[in-house]
Amino acid sequence: MEENQIVKKTALFVYIPLILTIIIDTLGMGIVYPVFASIFNNTSTGILPAGISITTGNLLYGITLASFSVGMFIGAPLLGDLSDHWGRKKVLLLCLFGEGIGMWVCAAAISYKFISLIILSRFFTGLLAGSFGIAQAAVIDISPEHKKTVSLSLISIAAGVGFAIGPIIGSYFVISPFFGQFGYSGPFVFAGLLALLNGYLLMITFKETFRFMKPSKIDLNKGYKLFISGLTNEKLKYPAIALLLIQISWVIYFLASSLFMVKVFKFDISRLGYFVSFIAAVYGFTLIVIIRILVKVFDTKSILLWSCILLGCGMMLASIKTEFISWLAIIPIAMGAGLAYLAVITLFSDAASKDSQGWAMGVAASVSAVAAC
C-alpha cells in the first residue's frame, strides 16, 4: 500500500515536466520549417550569398534540415543506452540543457549569417534530441501496468500538440513585439529558453524512475547496427523496407511543400506557419483519433494497403498548382502517412518476440531517422 502511494506521488511530480519535455522536443522539430523555408528562399535575409542559384539554395535548405536527423540517428540510440547506465534524470538534463544551448547557437548563427554554424548547430541539437524517447521510457517506468496504455496516449497527445504548435510559434516569434526584434532568430531564442527552463523544472522536481542500471559497454554504432539488422532480419525486412519508403515520401512532401508554398504562392512566414501546422495537426489527429476507430473495423495489413493508396492519391492531388488544392491535399497525405506509419509499427511489434520489443522499436526509429536524412 505504501509502495503504491509512493508511486502515485512520484508520478504526480514527474508527469508534468516529462510531458513538457516531449512537447518541447517535438516543438523544436516543428518550429524550424517555416523559418528555414523562408530564409533559404529569400536572398534579402543575407544568410544566402547574393546571386546564389535556386538549386544551391534548395540544397542548403535540405542539408540544414537533414543535419538534425543525422544527429538524431547517431545520438538517439546512444542516449537511450546512457539512460540505462546513468539513469533517466541525468540524460534528460543533458538533453534539455544541450538542446537549449543548441537553439541559442543556431539563433546566433542566423543573426550573424553564418550558414556553416547553422548546419552544425542543427546537427548538435539533433544529437541531443533523444529526450523524447527517454521521457517516454520514464513515463512507462512510473505507470502501473493497467494504466500504461493511457500513459502512452498522453505521450501521443503531447507530441501532437508540440509538433502542431511548433510552426505557428516559429512564424509568430519572427513578428512578435518582443521576440520579433531578434528577427528570424526569435523562434530559436524562445525554444532555447523553454528547454532551459524545463531542464531547471526537471532538475528540482524529477525523482529517478529507473533503478536497474546496466554495467555493460555503450555501443557507439548502435543506430547503424539497428538499421542494418532491420533490413537483414527475415521477419523485419519487409516492414523495414515499407517503413523506409513511406517515411521518405512523407519527409519529401513535408519539406518540399513549404518551399512550394513560398515559391509558387508567395507565402509569408505567418501563412507558412499555419500551413505547416495544419499538416502537423491532421497527422497528429490521425495518430490519436482516426487509428483507434479503424483498428476496430480493419486488420493491420488492410489499413497499411489503403493508407498507402490514400497517400499516393494525396501526392498526385498536391501536384496541382492551385492554393486551395494544396490545402486540400494535406488531408489525404497526412492521414495516409500517419496511418501507414502506425500500421507498419504494429507489424514491427507483431514480428518481434515479447522480450525483443525494445529492439524492434529501436530498428523502426533508426529506419525513420535514415528516411529523414
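Only the coordinates and a few stated rules stand behind these numbers; no lab work does. Note that the structure is a prediction, hence the values are computed from the model and not measured. We place every Cβ from the backbone using ideal geometry, glycine too, and count neighbours over all the protein chains shown.
The table below gives the values:
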{"quantity": "Local electrostatic count at residue 64 - Lys and Arg +1, Asp and Glu -1, tallied over other residues with Cβ under 14 Å", "calculated": "+2"}
{"quantity": "Distance violations [Cα-Cα > 19 Å] among 237/301; 89/207; 90/207; 266/321; 263/321", "calculated": "none"}
{"quantity": "For region 177-334: span of alpha carbons on each principal axis (Å, largest first)", "calculated": "58, 52, 33"}
{"quantity": "Mean Cβ neighbour count within 10 Å, used as a protection proxy, ranking 273-283, 191-201 highest first", "calculated": "273-283, 191-201"}
{"quantity": "Span from the region 67-84 Cα centroid across to the region 292-345 one, whole angstrom", "calculated": "29"}
